[in-house]
1. For region A:416-432, in order, what is each residue's ³J(HN,Hα) by Karplus, 6.51 cos²θ - 1.76 cosθ + 1.60 with θ = phi - 60°, in whole Hz (x at glycine and Pro)?
2. Return the average number of partner chain Cβ atoms within 10 angstrom of each residue Cβ along peptide A:266-275.
3. Ranked highest first by average number of other Cβ atoms within 10 Å, how do A:471-482, A:493-504 line up?
4. Ranked from highest to lowest mean number of other Cβ atoms within 10 Å per residue, what is the order of the peptides A:317-326, A:461-470?
5. Once amide H atoms are placed 1.01 Å from N in the peptide plane, what residues at a sequence separation of 5 or more from A:Tyr775, or on another chain, have their amide H within under 5 Å of its amide H?
6. Using 0.36 nm times the number of residues separating B:Gln34 and B:Glu233, minus their current alpha carbon distance, what extension gain do you get?
7. Could you derive backbone 3J(HN,Hα) for region A:807-824 from the dihedral phi with the Karplus parameters 6.51, -1.76 and 1.60 (θ = phi - 60°), listing whole Hz in sequence and x where the residue is Gly or Pro?
8. For a footprinting-style exposure proxy, rank A:Ile836, B:Ile123 by other Cβ within 10 Å, fewest first.
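Throughout, read-outs are computed from the coordinates displayed, never taken from laboratory work. None of these values were measured; they are calculated from a predicted model. Note: ideal-geometry Cβ built from the backbone for every residue, glycine included; neighbour counts use all protein chains shown.
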Amino acid sequence: MDHEGMLWKSPRRMLGSTDAQEIGLMYFVLSFINASFAGLYALLIRFELWTPEANYFDGGADYGATFTLHGTVMVFLVIVPLGAGMGNYLIPRLVAATNADMYWPKWNNVAFWMLPIASLFVWMSQAPIGWTAYTPLSVSTGEPGIDLWILGLVMSGISSTIGSINFVLTIWKGRDPTIGWMDLDLFVWGTFITSILLILSTPSIVIAIVMVFFDRNLNTAFFYNPSAGGPTAPIMYQHLFWFFSHPEVYVMVMPAFGLISILISKYARRKIFGYQGMVGAFIAIGVLSFLVWAHHMYATGINPLVRVAFTTMTFAIAIPSGIKVFNWLTTLYGGKIKFGTPMLFALSFLVMFTLGGITGMYVNIVPLDITLHDTYWVVGHFHFIVAAGSLQAFFGAIYYYWPDMTGKYYHDLTSKIHFWLWSLGNLTTFTAFTLLGMNGMPRRYFTYPDKFQGLHQMATVGAFMMGLSFIFFFVSLFWGYFKGEEVEDYDNLFGLGSGYNFPPPFAERMEEENGESVHVEHSLSLWAGSAGSVLSLPFFGFLALAGTGFFYRGYVKNIPSDLPIFPLVFMAVILILWIGAFVKSIGESDAVPALFGIISTLLAMLTIAGVFARRSLLGYSNYIGLAFFVVFLLWIAAFFNTESKEDKGPSVIDQYKQGRNWEIWTFLASETIFFGILIGVGLAMRANAAPGTWVADQSEVLAVLPTAGNTFVLICSSFTMAKAVEAIKKGNKDDLVKYLGYTIIFGSIFIGFQIFEYINLAHEGEVALQAGATYPVFSSAFYIQTGFHGTHVLVGIILLIFVFLRARQGGYDEEHHEYVEFVGLYWHFVDLVWIILFTIVYLL
Amino acid sequence: MQRKVSLFAFLLIPFLTMVLPTSAESDLSSSYNQLFMLLSLVSFAVLLLVVVLWVYFMYKFREDNEEVEREEIPHSTSRKLEVGWTAVAILIIIILMALSYPILFNETTAAEDPSNFQNPITIVVEGTASWTWKYHLPNGTVIEPVVVQKDAVDVHFTNITLTKDQAYTFIFFNTAPFIHSYFVKGLNIKMDVVPGTNNSLTFIPTKVGANELLCAEFCGALHSQMRGWVNVEEA
């Protein structure tokens, strides 16, 4: 790699990199920092549970944050980013991408830089509600950190959606055209299916936890509202949560499957057995993962027939997983196995994953689930799969690719100690968990009946072994980096007689075969880096508003009054990076985003200090939150101003691809699920609403006819948008500008009317959110559906304004007007959603 | 076409018989235990197979081993293997379904044949906002929790005594702003106690003894401290 070592010394490079390999490395660093802290929390748990007494924490309330953060961080901020990091690091090379990078290199940077802030929010939250955050507990618990936890996860969800769209486009459209689907490495397939799962499932959890945020802060009645009679639909949360979280567990394991295939076939010197079966298994797992979510809910009292359906689907999904294990085993047959450290991890994975799968079978059988649900059996099951499974695959892969990352070999002996300590620790702890569960020990317990003590102590011993092994992991890698053996022969790595065997890079192949010279530049983009920081501003804004009681009803209690040191230190590090980047950018256009980076980081630090230390910020605490949105809008204005001035020649992508609408279609897939779920939630709420909380006839409380007129206005805007696209396709630039202008006007009228309607409704008090509103459940559904839709219209108008301004400068022509079509498709989608929403919310 | 239809019917009829409730023995916990044992046998067999092959291949095909023949698996064999183990996996799944579905419906009636229930005694079980259990007996008495200090931690025990071979219907009730779950492993009972819903459970305890009650849905600060004993005595 050309720039090893330089990355960590250059803040400008770290913040602005658009190079997938560099971004991949940054993902690894972030993941391992998070894993170290989450691992420490695990050790705290195990230390506390050494005996039934209070060994470290004062009580259950104190203890709640340990398992919540251990789980949340490991799932969202360690395993998923490790998958994304490995994907970034390997996939552009595995698919011989035409631009030698991810499809959208700048969005790649944006997606990454949202994660450190998301991590910060989650760590600051110290939320005590379990990573599953079931309602009504998560609504009624006063800890303000829960709002932070929610905001952090929404940020990480947006980050992984952007990243997933990027992977899908890279693999589907960005690869070398001569590489067919069935030529792709299995890691590519794994990441591809994983990315589709994330795109389609993330909206569900975002909606679920945003609804919790609204119940906590805006007096809505989605799950629990004392003034609406208490619980409204607590189980609905579980459906929404698990509709995402079940595919999420496959998201955590499928990239690992791909890596195991790489490691086993390399170290056994054999091609993977049954490639087609492996691909088929990935696809089957992907599809089935959406059909099994309620197997987490067998004890909630759901209809027995529903349980049969989900049990059957869950049995079905066991089959492709089992097939993969047999395929891996058979790959060993006839091989010439070398037992290098990566292979040790891969081999161990086979057995650990089988144990995990077997323990999973038990809990799928409803009668057995009665005894095992919410006990340590389940904890054993998922730790076998994720810790003894996925995480092992990542260990193995990082060791294997260490020469590629650093040009050196890791230290062999310490890596073997890491492996043995880790594996023995895994077996000790997770077997103890399984036995504890079999004996009926429930989860998330701070104290326990004495008879469980022996097994708890066994689990604790194993946990400390795992913790110790981590140290050997870092020692092995860093010793290798600083003092290790340099790689001599990249075609005979680890004595395997082969190298990494990436397909020939696209540029090389074009040069050899066609004599064409494809020039690819990995340019820095501080705009992208600042986008990651600036996109966190609305979240800091929400935090500031929630924390200072701006919303109708805040569950704001118990805010600590001391200054939170760790978060401020963390933000100070980021501030130093931005200052460093700014200093290097003075005199270039890059200085502006660097300045925004500094401003947003400073604002964030002020919020943290202000909200958490209860220090009134110049006496205007309630409005500081709004300031964030202003800065955010300023950034957007500055960005568009710069972008529209740049002279953009055709990019590498443009040269080889025509008709890029698939990019927006992939994004719209996520949006379709998002609105589909919102509509579904509205229907479910109506069906389950207690008498008096839902209006019998909407025309009594809503202005149906005027809104119908507003709907017509929006339809007109779709018409003018279509005319605009038609115009530019014929090369008519003047008409393009004209019709874009009309579309903006119609869209603005629509939004203006909606704002007017909201103010009216709040005034009338029937469809409203203040205490004493007549129809709390109906109002909650109304505002979340029309509100999210309205936000989408607003974003659409902002995008339209940008396209309009560019069009006025003559930036589009007959051949190149992709962004006009993108905005057009987005706009039509938003309009179509409105037609459906209007019908369901106002008419039916 | 005809063969496909009759094969489908052949499989459908047993499947339907499986999922519809059947009347069989009276004590569910022995069925549960049998199912657990059977699944353990199947799992152990699978695990053994995997581990044996794993060890065997690692040993036989280690790179030091010069003598072994390292042949490619011919295409026809590999096809047979893949189809074979997929078919075996499906068969195992079908067997597990056949064995477990008949008792699947009985979660709300923790015995296999609800018609065995004659004159169940109805008790309302409340999960409270102060992390305790309470029983509301039909005669109006309320069984309150007793606080026991265990190792510097307060645990709330609510104890109830049931009669052997007598049917009971527990109706669950919760006014707390969080979900509890009523879990008595010894009686094979677990049911979420959800605010706003009244889940219920009917069962007949058939063995004398003391059974521990634990809360099995995270409910906040004192989740691990809301417990009790469900004692079963002779009539």
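1. Once θ is set to phi - 60°, the couplings for region A:416-432 become 5, 4, 3, 4, 5, 4, 4, 5, 5, x, 3, 4, 4, 5, 6, 5, 4 Hz.
2. 2
3. Listed from highest to lowest mean packing, they are A:471-482, A:493-504.
4. Result, highest mean first: A:317-326, A:461-470.
5. A:Ala768
6. On the way: separation 199, 0.36 × 199 = 71.64 nm, distance 2.48 nm.
That works out to 69.2 nm of additional length.
7. Per residue, the Karplus-derived 3J(HN,Hα) values read 5, 4, 7, x, x, 10, 9, 4, 7, 10, 8, 4, 5, 5, 5, 4, 4, x Hz.
8. Fewest-to-most ranking of A:Ile836, B:Ile123: A:Ile836, B:Ile123.
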